[in-house]
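First the structure, in the form of structure tokens, and then the observations on it.
The values are calculated or read from the model by the stated rules, or taken from the named source; none is laboratory data. Not measured: the values here are computed from a predicted model. Cβ atoms come from the backbone with ideal geometry, glycine included; neighbour counts cover every protein chain shown. What goes into the accessible areas is simple: the full protein's heavy atoms, side chains included, and nothing from ligands, DNA or RNA. Shrake-Rupley method; radii C 1.70, N 1.55, O 1.52, S 1.80 Å.
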Amino acid sequence: MGGGKIMGMMMMMMMSVYGQDYGDAFMKSILFFEGQRSGKLPSSQRLTWRKDSGLNDGKDVKDYCPLSQVCFLDILVSVSSIRTSPSTAWSLIEFGNFMGSDLQYALDAIRWGTDYFLKATNIPGTVFAIVGDPYVDHNCWGRPEDMDTPRTVYQVNTTFPGSELSAEMAAALDAASLAFNSSDYPYSQTLADRAESVFDFADKHRGSYNDVLRQVVCPYYYCSSGYMLGSSMDIYRATNKEYYWDYVGNSIYNTNTLGTLSYRDNFAEFGWDTKVAGINVLVSQWVLTKKLEPSPFVPDADRFVCSVLPESPTRSVTYSPGGLMFKDGPCNMQHATTLSFLFLVYARYSKYNGRQIQCGNVVVSPDRLIEVAKGQRIHHRGSNLPSMEAHGDHIDCQGGHSYFESQDPNQNLLTGAVVGGPDPNDSYSDSRYNSSQSEPTTYMNAPLVGLLPYFKTAAS
């Protein structure tokens, strides 16, 4: 019974497929991000059981102050945050006009992350990657407000570069610059300018953060193979500078460009290690609209669709008896939410350009992609432990394990959390020990910021 209260969002999502309130689900999917904040919380904070935390993080580094926690941990990991931020920004760019009064909350969620990215890149030639000690932290079960573990700040720089991390940071900044373009143009320009300088740093100082920070990023955080191509694509989208478009085209077949060695082989992947499916979907909009050479982007976006579509002869994923898509790896809902988002976006692009997709002998309409996207249906310290108001005394690193081991529901409601989800047979183990099923993360929620408001409007 450990996950208790944080299962609400996932159950609500499954009910929404059958005609429930997408608007309420959307509101909660944004509210979840407020439970992940670190730093000095604003007066507008709606999840009031969360309090200020991490106020001394980065105190030994001038002009650096982290602001966001990405999952159940007290570690601040830039590579995790920058997986979340572009997806949330892309959701707003594509579907912001469906968000109504919740649009500002979505912008606030993005800004909380991008303010952190600006701090993390404030020193030229340096990108801050991680705050905290993953090995010590994973042995703790304590509130963010009580963090008493080492808060070491790790960085990449010109001497010890990390091109993947830096390039993805640039992509996150640029995606957000587009999201803020109409509501806060000066801030948008600040993000875009910083993105270009960070990308330039990543490109000129090549090296993998795996080599520099392997002892702290592996095995707990994904050991990346590179993001340069996705970053250049995002910057081109924000700036329309031909240099970045040329970079995209040249990188696909250039085996010396970090992260693009097996670009076309990764056509069906969009996750920690590769953004290829997302790149192909996004670029397809430009090449179709501008009548440019579609290969490899449109053919590979079609191949991605065919690898997921239930009736496709080239399908490479499985589906549970209840219809939930499954890919290899933990926390399956990250695949269900992310790939559903790509299906919806690609359906809209395809419909606008009057095209269908051919999967062998199966002809797939844009409406069918939307139907598949619509059909997809804890382990969290802050919500498990008593709030500061309920228990004002300090809870040290090991002091929360009795709460972790308890069979009682979490004491605080982490509204909007999407957890890893059921197994391939639609069974769910409601246990904090089973983090693959019961852990919520920001990157699982991010695609819902676009999916839910669209389906809310479509259902009305």
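What is the residue count in the range 109-138 for residues that are within 20 Å of the chain's Cα centre (by Cα) and open to solvent by 50 Å² or more (accessible area, probe 1.4 Å)?
Number of matching residues: 3.
Cβ-Cβ below 8 Å, separation at least six or inter-chain, first residue in the range 421-438 and at positive phi, second assigned to a helix (DSSP H, G or I) and of a type outside the set (Gly, Ala, Ser): which pairs?
Taking only residues 6 or more apart or on different chains, the pairs are GLY421/MET10; GLY421/MET333; GLY421/GLN437.
Looking at (1) modelled with pLDDT of 90 or more; (2) farther than 28 Å from TYR352 by Cβ, can you tell me which one GLY113 breaks?
Condition (1) is where GLY113 drops out.
Within the range 169-217, can you find the residues that are open to solvent by 10 Å² or more (accessible area, probe 1.4 Å), part of a helix (DSSP H, G or I) and at pLDDT below 90?
ASN210, ASP211, VAL212, ARG214, GLN215
Do you know which residues across the range 129-154 are assigned to a helix (DSSP H, G or I) and either closer than 25 Å to GLY392 by Cα or aromatic (Phe, Trp, Tyr) (or both)?
TYR135, VAL136, ASP137, PRO144, GLU145, ASP146
Table: residues versus (1) open to solvent by 80 Å² or more (accessible area, probe 1.4 Å); (2) at pLDDT below 75; (3) assigned to a helix (DSSP H, G or I); (4) touching a strand residue (DSSP E or B) at 6+ places or on another chain (Cβ under 8 Å).
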residue: TYR244; (1), (2), (3), (4): no, no, yes, no
residue: ASN256; (1), (2), (3), (4): yes, yes, no, no
residue: THR260; (1), (2), (3), (4): no, yes, no, no
residue: ASN280; (1), (2), (3), (4): no, no, yes, no
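Going residue by residue through the range 306-316, is there one that turns out to be within 21 Å of the chain's Cα centre (by Cα), closer than 30 Å to SER435 by Cα and surrounded by 16 or more Cβ atoms within 10 Å (Cβ to Cβ)?
Yes, the range 306-316 contains a residue that is within 21 Å of the chain's Cα centre (by Cα), closer than 30 Å to SER435 by Cα and surrounded by 16 or more Cβ atoms within 10 Å (Cβ to Cβ).
Cβ-Cβ below 7 Å, separation at least six or inter-chain, first residue in the range 176-187 and under 18 Å from ASN97 (Cβ atoms), second surrounded by 16 or more Cβ atoms within 10 Å (Cβ to Cβ) and not aliphatic (A, V, I, L, M): which pairs?
These pairs meet every condition: ALA176/SER85; ALA176/THR114; LEU178/ARG237; PHE180/TYR187; PHE180/SER188; ASN181/SER188.
Tell me whether the range 423-436 contains one or more residues that are at pLDDT 85 or above, over 24 Å from GLY271 (Cα atoms) and either open to solvent by 30 Å² or more (accessible area, probe 1.4 Å) or among the hydroxyl-bearing types (Ser, Thr, Tyr) (or both).
Checked the range 423-436: no residue is at pLDDT 85 or above, over 24 Å from GLY271 (Cα atoms) and either open to solvent by 30 Å² or more (accessible area, probe 1.4 Å) or among the hydroxyl-bearing types (Ser, Thr, Tyr) (or both).
Looking only at the range 318-355, count every residue that is of a type outside the set (Ser, Thr, Tyr), at pLDDT 90 or above and open to solvent by 30 Å² or more (accessible area, probe 1.4 Å) and tell me the total.
Total meeting the criteria: 5.
For PRO161, which of the numbered conditions (1) in a loop (DSSP other than H, G, I, E, B); (2) in contact with a Cys (Cβ under 7 Å, 6 or more places away or on another chain) fails to hold?
(2)
Picking from VAL131, VAL79, VAL156, VAL127, which residue would you name as being out of contact with any Gly (no Cβ under 6 Å at 6 or more places or on another chain) and at pLDDT 85 or above?
VAL127
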